[in-house]
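To start, the structure itself, in structure tokens.
The values are calculated or read from the model by the stated rules, or taken from the named source; none is laboratory data. Since this is a predicted model, take the numbers as computed values, not measurements. Here the Cβ positions follow ideal geometry from the backbone for every residue, glycine too, while neighbour counts run over all protein chains shown.
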Amino acid sequence: MQPSSIEILRCCVENLEELVIPEVTSRHATSAVNCIRMMLNHVALRLELEPAALSQDNREKTDLLAELEADAALPAALRETIASALGEAGSAADASGVEALTRVNEALRRGYVAVLDANISDDVRRRLRAQMRAQIEREGRYTMPALDGPLF
């Protein structure tokens, strides 16, 4: 479809920057318009980058949880929680929409939280945190560029 959602958002940002912001005189209104501009940029970046980031994160979380489960590196009390998380992830493995990918990610995250809250080895905790750090870095690709200026 033309224009794409991203193109529409970019046009809105361009109109704000070229037509609206120069006309705004109060600090409060300037702050509000700059916030709107940054949020529109953020949404555009999310539309562009979030599906691939969620897919990658879901694969990494699924692979790591399955590996830890296969290695019996997790407490037995967590087996049902992890099996449930992996089951939810597997049932939507072919999902490509952001909402479906997010649901899978939330299920996997519940499994991660349960594992991190349990009595686990330092190695398992390190591996889980390394994957979470990778997730945060991916999310930063569509968060930080949008926050590109002062509010005032």
### Task
Go through Ala66, Ala52, Ala29, Ala73 for me and flag whichever is out of contact with any Lys or Arg (no Cβ under 7 Å at 6 or more places or on another chain), exposed (fewer than 14 other Cβ atoms within 10 Å of the Cβ) and closer than 21 Å to Arg133 by Cα.
Ala52
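What is the residue count in region 5-31 for residues that are under 25 Å from the mean Cα position of the chain (by Cα) and over 23 Å from Arg138 (Cα atoms)?
Number of matching residues: 4.
crowded, with 16+ Cβ neighbours inside 10 Å and either within 16 Å of Tyr142 (Cα to Cα) or touching a Leu at 6+ places or on another chain (Cβ under 6 Å) (or both): does that describe Leu78? So that I can check it myself, show each step before the final result.
Details: crowded, with 16+ Cβ neighbours inside 10 Å: yes; either within 16 Å of Tyr142 (Cα to Cα) or touching a Leu at 6+ places or on another chain (Cβ under 6 Å) (or both): no.
For Leu78, the condition - crowded, with 16+ Cβ neighbours inside 10 Å and either within 16 Å of Tyr142 (Cα to Cα) or touching a Leu at 6+ places or on another chain (Cβ under 6 Å) (or both) - is not met.
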### Task
Looking only at region 69-81, decide whether some residue is under 28 Å from Leu49 (Cα atoms) and either of a type in the set (Asp, Glu) or modelled with pLDDT under 85 (or both).
no
### Query
Ala44: surrounded by fewer than 18 Cβ atoms within 10 Å (Cβ to Cβ) and hydrophobic (A, V, I, L, M, F, W, C), yes or no?
no
### Task
Looking only at region 106-143, count how many residues are over 19 Å from the mean Cα position of the chain (by Cα), among the basic types (Lys, Arg) and exposed (fewer than 13 other Cβ atoms within 10 Å of the Cβ).
1
### Query
Give me the pairs: first residue in region 50-62 and part of a helix (DSSP H, G or I), second residue of a type in the set (Ser, Thr, Tyr), beta-carbon distance under 8 Å, and six or more apart or on different chains, which are they?
Glu50/Tyr142; Pro51/Ser96; Ala53/Tyr142; Leu54/Thr102; Ser55/Ser96; Lys61/Tyr112
### Query
Within the set of pairs 6 or more residues apart or between chains, which connect a residue that is without any contact (Cβ under 8 Å) to a residue 12 or more places away in the chain inside region 2-30 to a residue that is surrounded by 12 or more Cβ atoms within 10 Å (Cβ to Cβ) and among the aliphatic types (A, V, I, L, M) with Cβ atoms less than 9 Å apart?
Ser4/Leu47; Glu7/Ala44; Ile8/Ala44; Val24/Ala32; Val24/Val33
